[in-house]
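Student: I'd like to ask you about the structure that follows.
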Amino acid sequence: MKTATAQTLIVISLFTFLLIAVPVNASADSRHQNNANHSTLAQHYKEQANEYQARIEDEIEAVRNKPSTAFLGRNAKHFKEHVMFKLHQLEMAVEENLEKAAYHEKMAAEQTLQPVSLSSNLSDNI
């Protein structure tokens, strides 16, 4: 009877330990994964900003290569306004993406400075 009770207590204590230890390790993995996610997002936003910048340059080049008759007549004012609007929207998108990239780089840097997990502190004390 004593062995059955002892075995039950051992199984319960091991099960309890697993319930406590697994989330600590999972949080360490998720912290590392978040760091990677922030780095990946920062790279994504930088690439997107570069793409928008290339589109701005393409639009400017397209306007420069337009025939001069495109700037004459009834639709010239609308054409100019439309081009200016598109350029402004693209410039705003470039700024937003660069801000987001800077934010995610900052978050990734902050997470690398934080301790990796609590489990390493627990193992050091044992």
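Student: Restricting attention to segment 73-112, report how many residues are within 30 Å of the chain's Cα centre (by Cα) and open to solvent by less than 40 Å² (accessible area, probe 1.4 Å). Spell out the reasoning first.
Tutor: Taking segment 73-112 first, the residues within 30 Å of the chain's Cα centre (by Cα) are 85-112.
Narrowing the set further to residues that are open to solvent by less than 40 Å² (accessible area, probe 1.4 Å) leaves 87, 90, 93-94, 97, 101, 104, 108, 111.
Residues flagged as within 30 Å of the chain's Cα centre (by Cα) and open to solvent by less than 40 Å² (accessible area, probe 1.4 Å) within segment 73-112 amount to 9.
Student: Right, something else. Pairs under 7 Å by beta carbon, first residue within 12 Å of GLU99 (Cα to Cα) in segment 36-47, partner open to solvent by less than 50 Å² (accessible area, probe 1.4 Å) and modelled with pLDDT under 90, six or more apart or different chains?
Tutor: Every condition considered, the pairs that remain are ALA42/ALA108.
Student: Identify the single condition in (1) at pLDDT 90 or above; (2) open to solvent by less than 90 Å² (accessible area, probe 1.4 Å) that ASN25 does not satisfy, given that it satisfies every other one.
Tutor: That leaves (1) as the condition not met.
Student: Follow-up. Residues being in a helix (DSSP H, G or I) and exposed (fewer than 11 other Cβ atoms within 10 Å of the Cβ): count how many of those fall in segment 58-72.
Tutor: 5
Student: With respect to PHE15, determine if the residue is open to solvent by 80 Å² or more (accessible area, probe 1.4 Å), modelled with pLDDT of 85 or more and of a type in the set (A, V, I, L, M, F, W, C).
Tutor: no
The values are calculated or read from the model by the stated rules, or taken from the named source; none is laboratory data. These figures come from a predicted structure and were not determined experimentally. Quick reminder, even Gly has a Cβ in these numbers, built from the backbone with ideal geometry, and neighbours come from all protein chains shown. Each accessible area value is taken on the protein alone, full model and side chains, heavy atoms only, with ligands, DNA and RNA left out. Shrake-Rupley method; radii C 1.70, N 1.55, O 1.52, S 1.80 Å.
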